[in-house]
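Worksheet: one structure, shown below.
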Amino acid sequence: MLIPDLLARAISDHPDREAYVHGDKRATYAWLGRSAGGFAATLLDLGVERGDVVVLALGSSIKFAACYLGALQVGAITSAINLRLGRTEQRSIFERTEPRVTVLGDGAELPAGANPGTVISVTDLGPIFRADNPDPARLPRLSPTDPTCIVWTSGTTGEPKGAVYDHAGQIAISRNIGELTAPGDRRLSVLPFAHVGYMTRMADELDNATTIVMPGEPWTPAEHLRLVREEAITMVTGVPTQWQRVLDHPDLARTDFSGVRVAGLGGASIAPELVRRMRDTLGCPVLARYTSTHIGDPDEVVANTVGRPTPEVEVRLVVDGRTGDQGHDVAPGEVGEVTCRSPAMMREYWKDPERTAEVIDADGFLHTGDLGSFDADGNLRIVGRLKDMYIRGGYNVYPAEVEGVLSEHPSVARSAVVGIADTERDLGEIGVAFIVAADEGVAPDLGELKAWCRAQLADYKAPDRLVVVDDLPVTAMMKVDKRALLARLEEDA
C-alpha cells in the first residue's frame with residue numbers, strides 16, 4: 001500500500017474527520033482528498049510526469065498539505081522550501097531540482113536567477129482544488145521505491161543538502177514510530193512543514209487518520225497553549241527550546257493538559273530538569289524522538305538517552321566514521337559515531353552521489369554525525385555532534401554532555417557550549433558557555449559553574465569562559481544556532 005492508497009482509505013473510513021486545523025480554517029479528509037485530486041489533475045494538464053519535481057515555496061498550511069498529496073498522486077517529488085532560508089540557499093535548491101512547477105506562497109519571492117518552471121500562485125489554488133479529480137487512467141503506476149519528497153537541511157553548515165525519501169521509507173517510519181502516534185490523535189504540529197518531521201510522516205498521519213493542528217508561523221508559546229486548551233490536543237511535540245518557552249509562559253497556569261496523551265521532544269540535547277518539569281506540569285508521559293524512548297521510562301532515561309533501537313533499526317557505534325573504517329566498532333561503553341541501517345532512512349542526497357557515499361557506507365549504514373554510547377540497558381546516549389566536539393588538552397569534549405549538566409544548575413535557564421581556539425595557553429581548544437540566567441539580572445558565576453561541572457564530569461570538560469546572554473539564537477528549525485554564537489565571539493575578539 002502506497003501513500004495515495006492510505007489517503008483513499010482515510011477518506012473512505014473517516015470522511016468527516018478533521019484532517020487539518022489552521023486558525024479559523026478546518027479541512028476534513030473528504031475535502032483534503034478532493035483538493036489533492038484537483039491539484040493532481042492540474043499537474044497532469046501542465047505535463048508533470050512521474051519523477052518530476054514540484055517545489056512548494058509556501059508556509060505551513062492546509063493548502064501545502066493538499067499540494068503535497070496531489071503531487072504524490074501523479075508520482076511527482078515534492079521539494080519544500082523553508083522560507084526562512086536565505087536567498088542563496090533557496091536559489092541553490094531551485095538550481096539543483098529544476099522543478100516543473102512551483103507553488104509560490106503569499107509574500108514569497110523567487111530568488112534572482114531561479115528557474116521555477118510553471119509558477120502557480122497560492123491565491124490561484126482555490127479553483128484548482130475545486131477541479132474534477134483526474135481520470136484514474138491518467139495516473140501513473142507507482143512503485144514503493146518512487147521518491148516522495150526532498151527534505152533540505154536548514155543550511156547552517158553551508159549549502160543545503162537534500163535528503164530523498166520514498167514511499168517504502170515513509171511507510172517504514174510509520175511502522176516504527178511507536179507510542180508517539182495513536183489512531184485518531186489530534187496532534188499539535190509545531191515545526192514548519194518543510195521539516196523532516198512533517199514531510200516524512202505523511203504515511204503515518206494518513207494511516208492513523210490524524211488531525212494536524214497548526215499554531216501558525218512564527219510559532220509562539222501563547223498560541224501553542226491556546227490550542228492545547230481549545231482544540232482537544234492529544235499529542236504534542238517540540239524541540240527543547242520551544243518546551244522551555246512554553247513552560248515559562250504565564251498562560252501555562254490556566255492551561256488544562258488532562259487530554260494530552262503523550263508529549264514528545266527531540267532535535268537537540270535535553271536537560272533532565274526540562275523532562276521533569278514537562279512530566280510534572282503536563283501529567284503525561286514524555287518521549288524522546290530518535291530511536292526512541294518508551295512510555296514508563298524514567299526521566300533520566302528520557303533526558304539523557306534517546307532510547308533503544310526499534311526492531312527494524314540496526315545501530316552501530318564506530319570510531320569516527322569519517323576515516324572510512326566502517327568495520328571498527330568502539331569498545332562497549334565508549335563513545336563513537338552513531339551509524340544506523342533501516343528501511344526508514346533516507347535513500348540518498350538529491351543528485352549528489354559523492355555526499356551520499358560519504359554518509360551511507362558500503363554496508364548500507366547511515367553515518368549520522370552524532371556521537372553516542374550505549375548504557376547497560378541498551379539505551380543510546382547522544383553526547384554531541386562530530387562537528388561540535390572540541391579537543392581540550394588532548395581530551396575530547398562533547399558540548400551536549402556539558403550543556404546537560406549546566407542546565408541542571410539553579411542559576412541556569414538555558415545553555416549552549418562551543419569550542420574555540422585557545423590563544424592564551426597550550427590547550428588547543430577551550431570551551432565557552434553561553435548562559436541564559438534563570439533569574440533576570442542575576443548573572444551566574446563562572447567559578448561556581450565550573451565547580452558544578454567538575455563534580456559530575458571530568459574536570460577538563462568544565463567550560464573555560466562564560467558569556468551571559470538574554471537568549472540563545474535559533475535556526476529556522478528552532479535549534480540553537482551555534483554558528484551565530486561563534487560569529488559573536490569572533491566579533492567580540
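Here are a few things to note about the model shown:
- Charge context of residue 488, other residues only, Cβ under 15 angstrom, K/R +1, D/E -1: -3
- The Cα atoms of segment 405-485 give a gyration tensor whose axes a ≥ b ≥ c have a/c of 1.5 or more with a/b no greater than b/c, which makes the shape oblate.
- By other beta-carbon atoms within 10 Å, ranking 386, 6 with the fewest at the front produces 386, 6.
- Per DSSP, loop GluC sites (Glu not before Pro) in segment 365-438 with at most 13 further Cβ within 10 Å: 424
- Calculated P(r) tail over 15 Å for segment 98-162, as whole % of Cα pairs: 74
- When you restrict to C-alpha pairs under 8 Å that are six or more residues apart and normalise by the size of segment 356-407, the relative contact order lands at 21 percent.
- Residue order, fewest to most beta carbons within 10 Å, for 143, 79, 92: 143, 92, 79
- Working note: Debye formula, equal point scatterers on the alpha-carbon atoms of segment 1-59, no solvent; log10 I(q)/I(0) at q = 0.14, 0.23, 0.25, 0.26 Å⁻¹ is -0.50, -1.06, -1.11, -1.12.
- Dipole moment magnitude, nearest 20 debye, segment 388-492 about Cα centre, only Lys, Arg, Asp, Glu C-beta charged: 300
- Model label zone, residue 254; criterion: amide N under 14 Å from point 7 Å along Cα-to-beta-carbon; scope segment 201-224: 222-223
- The chain - charge dipole about Cα centre, Lys and Arg +1 at Cβ, Asp and Glu -1, debye rounded to 20: 1060
- 222 nm mean residue ellipticity, helices alone, for the chain (DSSP H n ≥ 4; -39,500 (n - 2.57); rounded to 500): -8500 deg cm²/dmol
- Taking the average, over residues, of other Cβ atoms within 10 Å as the packing measure, peptides 335-341, 12-18 rank 335-341, 12-18 from highest down.
- Its relative contact order, with pairs defined as Cα atoms under 8 Å and 6+ residues apart, puts segment 416-477 at 36 percent.
- Between residue 328 and residue 467, the C-beta separation translates, for a Förster distance of 35 Å, into a calculated FRET efficiency of about 0.40.
- Projected label distance in nm at residue 376 and residue 95, using a 7 Å step from Cα toward the beta-carbon: 5.5
- Modelled FRET efficiency - R0 30 Å, residue 231 with residue 279, Cβ distances, 0.05 increments: 0.85
- Taking other C-beta atoms within 10 Å as the exposure proxy, 350, 152 rank 350, 152 from fewest upward.
- Averaging over all projection directions, the Cα-based convex hull of segment 314-384 occupies 4.9 nm² in the image plane.
- Dipole moment magnitude, nearest 20 debye, segment 314-384 about Cα centre, only Lys, Arg, Asp, Glu C-beta charged: 220
- Stretching residue 484 away from residue 314 to a fully extended chain increases their span by 57.7 nm, per 0.36 nm per residue minus the current alpha-carbon distance.
- Translational diffusion of segment 3-219 was estimated from the Stokes-Einstein equation, with Rh taken as the Kirkwood radius over Cα pairs; at 20 °C and 1.002 mPa s the coefficient is 124 µm²/s.
- Over 28 Å (Cα to Cα) - which of 161/387; 25/351; 387/450; 63/161 fall in this group: 25/351
- Peptides 50-57, 123-130, 225-232 ordered by average Cβ neighbours within 10 Å, highest first: 50-57, 225-232, 123-130
- Structural descriptor for segment 3-219: relative contact order 25 percent, calculated from alpha carbon pairs under 8 angstrom and at least 6 residues apart.
- Note on residue 423/residue 137: beta-carbon distance plugged into 1/(1 + (r/R0)^6) with R0 of 60 Å gives a FRET efficiency of 0.30.
- Residue among 413, 380, 486 farthest towards the positive dipole end of segment 372-491, charges placed on Cβ: 380
- Multiplying the residue separation of residue 354 and residue 50 by 0.36 nm and removing their Cα-Cα distance gives an extension gain of 106.9 nm.
Throughout, read-outs are computed from the coordinates displayed, never taken from laboratory work. Since the model is a prediction, treat every value here as computed from it, not as a measurement. No Cβ is skipped: glycine too gets one built from the backbone with ideal geometry, and neighbour counts run over all protein chains shown.
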